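Everything on this sheet refers to the single structure shown next.
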Amino acid sequence: MFQFASRSHARTGLFCLLAALSAPSVWPAPAMAATPVRHKAALVVASTESQMAQAQNAAFLQPFARASHQPVVRQAWNGTLTELDGHGLHAGRTGTWSLVFAEDSTIRAACVRGLVIHLAGSTTNPDGCGVPGMTTQVVVAWDQTRRRLAPRWADFWDIVRFPGKRGLRRDPRTTLEIALMADGVAPGDVYSQLATPQGVDRAFRKLSQLRPYITWWSTPADATSILEHGQVLMSSAPGDAVRSIAARRRDTIGINTDMALSYGLSWGVVAGQSAFRLGQARNLLHFIIQPDQQAAFLARYPAATLATSPHAPVALPMDVQFWQTHYPDLSQRFETWLRDAG
């Protein structure tokens, strides 16, 4: 499933943004219809979600550029805080980014380090880290030409019955949760297990069993590519990314949402901008969350419109606070495990 966060929640996040920044808003205002100001430096919107880039550009960025006469461009972001820092607080002459779009745990980590502006909190966003945008799920996707029945995470590890390569995210987030569920841990117990040394050891032991058969992916585009090109029999993958290629692979790539992991995606306002660019970034964010723009995005990204059956299994929500606390240590252990296993 892929859906927008509640529009009321998104608007609440925006109002927190407006309260947190002192410069007066200029959107909407009569000046938007004035003669274009030439040679303005473009606002840069960086996103880790390449699958939806065209829809975001058509629904958000270019309409805002036409209405405000403020150029806007999109850049791909690898999701690392080092790259964000290099285009924010320590941009130097390389140019600054204005808005970033990524999963909540990444925006939260950036907020804690001061790389995106810490907004005033709200009931739905108490620590003020980012403005909620959307939610998606990590699902099991598989090649239906080689297996008709939908696999579960336990099947994912069964190389004897279902021989073939497996795709997993090259990141402890979602990957460790999947390993524990494949090992028989109930979704509701996953984070209590991961909070203990024994649970972490269990997750890595499970990953080690599968290590020779894993093809790693880092972005949603990577995940869909290895599926499309038959490099794996099955893979974890963002559900919306897989559905976005369904038109050309409807009969060959299946999706199973049983025991899926759900996570949110948020917008962040990059720190280190000039006052003028900060005001323009705020105006762009205000524009993005308007109902008309959300509807335009949904129309251009059909994967976002699929309804969830009322009988669909409940996904395991990614625990953002858990990863805020444990990501540095678990990321280091994950990289060490990869190096030692390689």
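The values are calculated or read from the model by the stated rules, or taken from the named source; none is laboratory data. Since this is a predicted model, take the numbers as computed values, not measurements. With ideal geometry, Cβ positions are generated from the backbone for all residues, glycine too; neighbour counts draw on all protein chains shown. Accessible surface is based on the protein model in full, side chains and every heavy atom, while ligands, DNA and RNA are left aside. Shrake-Rupley method; radii C 1.70, N 1.55, O 1.52, S 1.80 Å.
Here are the numbers for this structure:
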{"read-out": "Cα gyration tensor, the stretch 126-265 - rounded (a/c under 1.5), prolate or oblate", "value": "oblate"}
{"read-out": "Accessible area per residue, Å², the stretch 114-209 with all protein chains present, probe 1.4 Å", "value": "40"}
{"read-out": "Accessible area of the stretch 195-278 belonging to carbon and sulfur atoms, whole % at 1.4 Å probe", "value": "50"}
{"read-out": "Among 270-276, 318-324, 156-162, the order from most to least packed when residues are scored by Cβ within 10 Å on average", "value": "318-324, 270-276, 156-162"}
